[in-house]
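Single-structure report; data block below.
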Amino acid sequence: MTFPMTDTKLADRSAALSVAMPVLTVAVVLILLPNLFGSNAMISTLNYLGTMAIFALSYNVLLGQTGLLSLGHGTFFGLGGFIATHAVLRFVEADIAFPLALIPLIGGVGSFALGSVGGWLASGRGGMPFAMITLGLAELVAAAATLFPSIYGSEEGVSMDRMDLGSSFGLSYGPNVDIYWVIAVWFAICAGLLFFLSRTPLGLLQNAVRDNAERVEFLGFSARRVRMSAYAIAAGIAGVAGSLAALNVEITTVHALGASTSTLVLLMTYIGGTRHFFGPVLGAIVIGLMKIWLSDISPAWMMYFGLMFIFVVMVAPGGLAGILANGRALVRSAGFAPQSPILAGIAIAGGLSVAGLIIVIELAYRAGLDAAKGAEISVLGLPLNAESGLSWATGGVMLIIGVIALRPLLDRLDGKRHAIAQAGGAK
Amino acid sequence: MGIEVVTFSVVNSILYGMLLFLLASGLTLIFSMMGVLNFAHASFFMVGAYFGFEISRRVGFFPALVLAPVAVGLLGALVERFGLRRVHKFGHLGELLFTFGLAFVIEEAVQMIWGRSPQDFQVPAALNFTAFTLFGTGYPAFRLFMLVVAVAVFAALALLLARTRIGLIVKASLTHPEMVSMLGHDVPLVFMSVFGVGSALAGLAGVIAGPVLVTQPSMAAALGPILFVIVVVGGLGSLAGAFVASLLIGFIQTFAVAINLKVADVFGLIGVTQPPAAFGALLSDIWNVSVAQVGPVIPYLLLVAMLMFRPMGLFGKRA
Amino acid sequence: MTDALELRDLRKSFGPVDIIRGVNLSVKKGERHALIGPNGAGKSTLFHLISGRITPTSGQILFEGQNIAGQEPAQIVRAGLSRSFQITNIFPQMTVLENLRCAVLWKLGHRYTFWKRTLGLVDVAEDCERLLHELGLTHRRNDTADSLTYPEQRALELGLAVASGAHTLLLDEPMAGMSHSETEAALRLIMRVTEGRTLLMVEHDMGVIFEMADRISVLVYGQIIATGTPEEIRANPAVQEAYLGTAKEEAA
Ligand SMILES: Nc1ncnc2c1ncn2[C@@H]1O[C@H](COP(=O)(O)OP(=O)(O)OP(=O)(O)O)[C@@H](O)[C@H]1O
Ligand SMILES: [Mg+2]
């Protein structure tokens, strides 16, 4: 047989190229970012996004790669943070000059070890039992944390000073941008490791467990061990992310390992898209930015997260990455031109309903939670009033018209695509 | 611990357990019929409390006792019809994620409308008196009323299951889940009704619990995980199991608060009054742990242990 | 010589219902053994018992002399006994090639490797190419399994069982639901890929069975009522009465 050889060589070359391209892009972006956004506030935003991106990538080892819904991934983010914080405190106490940039390694290894134990407990089955047991473990750790104030601190948490370990690798770790470089390098390492993992036999088996765990058993493998490994690896990387967060803000609270952290990473990962390697990064960036910016201008930001999440679950399970990929494929396809008028109509109707929804939600917040701020409110540039029927009607009518218009447009799009597919088939 | 504390704790345990069962029964029904573990179930409980508060403010508590659950039931039916049913095609993961997102949105919506602080949901005047006095301590009538309502609903539900056509279908599906697929064209309607009734039960629990527990946006998140402990420990899909587990959790949580004991006290009995300093801060943490603090941990220990050693739960047939 | 597979008084009941009621059966090394029987006789249940999907209520399953009753499916596969399913049981969202890769990993000793790229494993690549070629799926290698046609999915199902390298195979109705010409092709495929291995196969198509089987066992209502060569089975009055009666008329 000759064809397999040439074939794998070709595959190898294109694989090498398809690996090199993203690696280069990521490296260039990571180096450029702090130069483009130099302000201290922007750097600390970047630091936050970086840790969240690592966190979301780790979560996707479970959700996207192995098909496991963990409701307690925040536990390992928080535990990683505590391990890192205590490591710094101990090293300072013992006067050991451990490089701060390597502290996340300790947090990661510690979380990995704890994740191995947790994984052993949780991995008997997938699906709902897995979700339940991860929820139980997370609640257990969170509830037990309050019993050990010497480890988890009291309400204020445990704090440290990242400069106490002295400088290393030419960084003093005083300015935020020093931490940026630490996070950027760790992001590259973690993303690289996880990308490599997804290309190994173990990564393949994780996909197999996602698709059909029972069949994996009939091929000689233990689905439990595959789940366990995924759980431990995800925990370890989450520990790195948690450590970086601890270095960044210099404080870790019990809050970090609670339900809200677990929820946040689920939202980020799923909204970003679980079927593309960098989908979770996209989700972390979009949700992270929304969290930082939107929370300043709207009390409804959490509501928007929730609605976005439900939208993705119901309409676009591929997440933002899936939407982008589909959109790109569509624009490149021959069928794009004839569809574009309908697509434009859908965009307008969709935009109208979203705008209407935003108006209604903002008004509702002003009428309820934020009533004390007065009825006057400006939404999307419109001066509105939470007590005026006209304001409510504006939002309501926009929403209703948008939704009503969407239905026939979507039907026509379906019809059009059908026709295009048939014409293509006839050729 | 005196006899009076024990007596009151027992009554309170049963009461709390029955309240939990009102919630767990709906969750169990929905799970056995539809295979969906509804993460938003506790949210319907919370919505019930808020609806109950709003309605009783306007027309009184007793109308609210009927109207609020009905409203919550309708809401649940709508959620099933326009939400859950559409994500069914994405499998169980899609359904789980949907109810998870729903719980998130409901919590936000409640804050949007009513704000973040607790509502002043009062015990109705007609029931605001002391039912009986034991050992010199009075027991509030409203709590007895809660117990009566919970038991009445339990009885009505049992009757409904035993006597009506839909009840028979539901019961059959509890023991033979594959039967549900043989219902024919009625399936969507049955699903919608079951989801609606389950939500209404949660709503009812919310109305009667609202004045006693605090009506606030975090009440769903506080109760949700406990509900899962109950349905898992009782055995997924088993009503009897849910009943026993509800009472069990009721007792654990009530008594943990009532018992005033620290690890240090135990050591005090054998004459050790100070933690050995050699073991440092961690030991002194353990030294200071009280039963009341351990209370919240126990249900989750139970959950994890159960899932590991007896995944079918106490009464379940399915793992 | 020990038999490849021997069942001794194997029983399985689901609650009060006895489905497998004392099955005794031996499959010789290298033989092609067909298991026939009416719908609901318990053929698939028997396969589930042998392959470890469910545990027997009582009785022994001797595989190459070792009792494997109650072992995990994975253990049984590693011991050298693999199976295919009546209801297609593949990895729907993975490509054909990825499906096969998973199936050959254990045999080639890569197991849970996480320090090497799958694409760099030459033995995996070669074995998968060979399998693709044998199964006639080379042109579909990069398509997801759920986009395959039904016969192609059945071929992949068979491929997963064969790829594990086991020398004893249980095939549960590999050609169910295929048209006549598809059945022909599938039969040739099965004969080819199971060359030199022990085969126990459930099949309804009498033509196929008499063409390929060395021996036939007839399972009726949870019991083996006869075992023998195709000619013996054809001539067996009990079988004719219980099962073949209709089939013979059709053939006539
Ligand atoms: N898990 C189970 N619980 C209860 N009964 C079962 C179970 N699995 C199978 N059965 C019953 O066992 C009997 C045998 O089923 P089995 O699938 O083994 O038959 P089969 O011979 O493979 O039939 P077919 O030719 O239709 O594939 C059937 O009556 C079936 O209903
Ligand atoms: Mg069968």
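In terms of overall dimensions, the stretch A:297-420 has a Cα radius of gyration and Dmax of 17.4, 56 angstrom.
Take the Cα of C:E195, go 7 Å toward its beta carbon, and the backbone nitrogen atoms of the stretch C:163-178 under 18 Å from that spot belong to C:163-169. Taking the inverse of the mean 1/r over every pair of distinct Cα atoms in the stretch A:96-204 gives a Kirkwood hydrodynamic radius of 17.2 Å.
Proximity of backbone amide H atoms, modeled 1.01 Å from N, is registered between C:G22 and C:L10, C:R11, C:K12 at under 5 Å, excluding neighbours fewer than 5 places apart on the same chain. Across the stretch B:17-165, Cα-Cα pairs farther apart than 18 Å form 66% of the total. Residues in the stretch A:148-158 carry Karplus couplings, in order, of 10, x, 6, 8, 9, x, 8, 3, 6, x, 10 Hz; the curve used is 6.51 cos²θ - 1.76 cosθ + 1.60 with θ = phi - 60°, and Gly or Pro positions show x.
GNM remark for chain A: springs join alpha carbons under 10 Å apart, and the peak mean-square fluctuation among A:T25, A:T85, A:T45 falls on A:T25. Residues A:R162, A:R210, A:R275, A:R328 in ascending order of nearby Cβ atoms (within 10 Å, fewest first): A:R328, A:R275, A:R162, A:R210. Using equal-weight Cα scatterers in the Debye expression, the normalised intensity of chain C in log10 at q = 0.17 Å⁻¹ is -1.33. Computed over chain A with a Gaussian network model linking Cα atoms closer than 10 Å, the most mobile of A:P104, A:P201, A:P383 is A:P383. Net charge near B:I113: determine it from the other residues with C-beta under 14 Å of the C-beta of B:I113, scoring Lys and Arg +1 and Asp and Glu -1. So the environment of B:I113 carries a net charge of -2. Judged by the gyration tensor of its Cα atoms, with axes a ≥ b ≥ c, the stretch C:1-53 is prolate; a/c meets the 1.5 cut and a/b is the larger of a/b and b/c.
Projected onto their three principal axes, the Cα atoms of the stretch C:92-164 cover extents of 35, 20, 18 Å, largest first. Summed over all non-identical Cα pairs, the Kirkwood treatment of the stretch A:266-320 gives a radius of 11.0 Å. Across chain A, C-alpha contacts under 8 Å between residues 6 or more apart give a mean separation that, scaled by the residue count, equals a relative contact order of 22 percent.
Legend: residue pairs A:K291/A:K373; C:K29/C:K107; B:K89/C:K116, Cα-Cα distance threshold 32 Å; pairs beyond threshold, B:K89/C:K116.
Its residue count N sets the reference 2.2 N^0.38 Å, and the alpha-carbon radius of gyration of chain A equals 1.11 times that reference.
Overall shape of the stretch A:375-416 was characterised from the C-alpha gyration tensor. The equivalent ellipsoid obtained from it has semi-axes of 31, 10, 4 Å, in decreasing order.
Centroid-to-centroid, using Cα positions, the stretch C:35-69 and the stretch A:393-412 are 59 Å apart. Shown here is the pair-distance distribution of the protein assembly as shown: with all Cα-Cα distances grouped in 10 Å bins from zero up to the longest one, the shares run 2, 9, 16, 21, 21, 16, 9, 4, 1, 0 percent. By the count of neighbouring beta-carbon atoms within 10 Å, fewest first, A:H255, A:H73 end up ordered A:H255, A:H73. For chain A, a Gaussian network of Cα nodes joined below 10 Å ranks A:Y270, A:Y365, A:Y173 by mean-square fluctuation, and the top entry is A:Y365. Mind putting together the pair-distance distribution for the stretch B:3-258? All Cα pairs, 10 Å bins, whole percent per bin, short to long. Per 10 Å bin, starting at zero, the Cα-Cα P(r) for the stretch B:3-258 comes out as 7, 31, 36, 19, 5, 1, 0 percent. Of all beta bridges that DSSP places with both ends in the protein assembly as shown, some 65 percent have antiparallel geometry. Calculated FRET efficiency, A:I251 to C:T2, Cβ-Cβ distance, R0 = 60 Å: about 0.30 to the nearest 0.05. In terms of its alpha-carbon gyration tensor, the stretch A:222-348 comes out oblate; a/c meets the 1.5 threshold, while b/c is at least as large as a/b.
Using the Cβ of A:N207 as centre and a radius below 13 Å, the other residues enclosed give a net charge of +4, where K and R count +1 and D and E count -1. Taken about its Cα centre, the stretch B:3-258 carries a charge dipole of about 360 debye when Lys and Arg each add +1 at the Cβ and Asp and Glu each add -1 at the Cβ.
Based on the Cβ-Cβ distance of C:S179 and A:L410, what FRET efficiency does E = 1/(1 + (r/R0)^6) give at R0 = 56 Å, to the nearest 0.05? It comes out at approximately 0.90. As a ratio to 2.2 N^0.38 Å, the alpha-carbon radius of gyration for the stretch C:135-252 is 1.18.
Throughout, read-outs are computed from the coordinates displayed, never taken from laboratory work. As the structure is a prediction and not an experimental result, all values here were calculated from the model. Using ideal geometry, Cβ is built from the backbone for each residue, glycine included, and neighbour counts are taken over all protein chains shown.
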